[in-house]
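What follows is a set of notes on a single structure, which appears directly below.
The values are calculated or read from the model by the stated rules, or taken from the named source; none is laboratory data. Every value quoted in this text rests on a predicted model; they were computed, and no experiment measured them. Cβ: placed from backbone, ideal geometry, glycine included. Neighbour counts: every protein chain shown. For the accessible areas, the whole protein counts, side chains as well, though only heavy atoms, and no ligand, DNA or RNA atoms are used. Shrake-Rupley method; radii C 1.70, N 1.55, O 1.52, S 1.80 Å.
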Amino acid sequence: MSSVLTMVLRSDSRLRVRPFESEVALLTYIRIAPVDVLVVDLDRDGESAAGIVAALRADRGIVREDFQAIALTRTVTTALREKSIAAGIDEVIVKPMSPRHLLERVIARLERERPFVLAPRYRGPERRNRLPGTRPANHGRRLGDNVVELFPENA
């Protein structure tokens, strides 16, 4: 599936897409080249993708600390949501989804300006405007949309 997603993302000439087979390859690349959007699969084997994103957020040796992270998963649970928030993942997309949908989400992330926090205990998208226990309103999402946006802009 990663080959299909890579092919669809590469179909947009504005994007440079680099697939990585290992965490070591990703870490090496992100330390020498800026990454704007990172797409990870939360259902993959090996080290947790949320853990990888959290480690990258904490790594001061990477070129671009304010990268955005999109995660793919089969189901969204409360535990997964909390883990994604703690890791600094910007958006979770529920699988199966259309590869074109992923392309649309990547482009939308690149076009949107968003505040970023670089603090000692947290590095990631700005989330301080969220009240605990509240649910964001439906901001133009269609019924059946399989994107679970963790932190919509005006929530």
Pro115: passes all of (1) open to solvent by 50 Å² or more (accessible area, probe 1.4 Å); (2) over 25 Å from Ser11 (Cα atoms); (3) of a type outside the set (A, V, I, L, M); (4) at pLDDT 90 or above but (4)
Residue within the range 138-151 that is of a type in the set (Gly, Ala, Ser), surrounded by 12 or more Cβ atoms within 10 Å (Cβ to Cβ), at pLDDT below 65 and over 22 Å from Glu21 (Cα atoms) present: no
Of the listed residues (Arg10, Arg16), the one being without any contact (Cβ under 8 Å) to a residue 24 or more places away in the chain, open to solvent by 30 Å² or more (accessible area, probe 1.4 Å) and under 17 Å from the mean Cα position of the chain (by Cα) is Arg16
When every residue in the range 65-82 that is open to solvent by 70 Å² or more (accessible area, probe 1.4 Å) and among the charged types (D, E, K, R) is compared, the one modelled with the highest pLDDT is Arg74
Filtering the range 83-96 down to residues that are in contact (Cβ under 8 Å) with a residue 60 or more places away in the chain, farther than 18 Å from Ala108 by Cα, open to solvent by less than 10 Å² (accessible area, probe 1.4 Å) and among the aliphatic types (A, V, I, L, M) yields none
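For residues in the range 66-96 being under 13 Å from the mean Cα position of the chain (by Cα) and acidic (Asp, Glu), which is farthest from Leu27 (Cα to Cα)?
Kept after step one, since they are under 13 Å from the mean Cα position of the chain (by Cα), are these residues of the range 66-96: 66-73, 81, 83-94.
If we keep only those that are acidic (Asp, Glu) as well, we get 66, 90-91.
Numbers: Asp66: 15, Asp90: 19, Glu91: 21 Å.
Among those that are under 13 Å from the mean Cα position of the chain (by Cα) and acidic (Asp, Glu), it is Glu91.
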Reported set for the range 58-104 where residues are within 16 Å of Val17 (Cα to Cα), among the aliphatic types (A, V, I, L, M) and touching a Lys or Arg at 6+ places or on another chain (Cβ under 8 Å) is Ile70
Expected output for the range 52-63 (first residue closer than 9 Å to Arg31 by Cα, partner buried (at least 20 other Cβ atoms within 10 Å of the Cβ) and at pLDDT below 90, Cβ below 7 Å, 6+ apart or cross-chain) is none
Of those in the range 30-43 that are more than 15 Å from the chain's Cα centre (by Cα) and more than 16 Å from Arg57 (Cβ to Cβ), the residue most open to solvent (accessible area, probe 1.4 Å) is Ile32
Considering residues that are among the aliphatic types (A, V, I, L, M), more than 20 Å from Val63 (Cα to Cα) and touching a helix residue (DSSP H, G or I) at 6+ places or on another chain (Cβ under 7 Å), the number found within the range 1-29 is 4
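Yes or no: Ser3 modelled with pLDDT of 90 or more and not acidic (Asp, Glu)? Let's see the steps before the verdict.
Values: modelled with pLDDT of 90 or more: no; not acidic (Asp, Glu): yes.
It is false that Ser3 is modelled with pLDDT of 90 or more and not acidic (Asp, Glu).
Residues to consider are Ile62, Ile52; find the one that is at pLDDT 90 or above and over 21 Å from Ser2 (Cα atoms). Break it down stepwise before answering.
Working: Ile52 fails: over 21 Å from Ser2 (Cα atoms).
Step by step, each of Ile62, Ile52 is checked, and only Ile62 is at pLDDT 90 or above and over 21 Å from Ser2 (Cα atoms).
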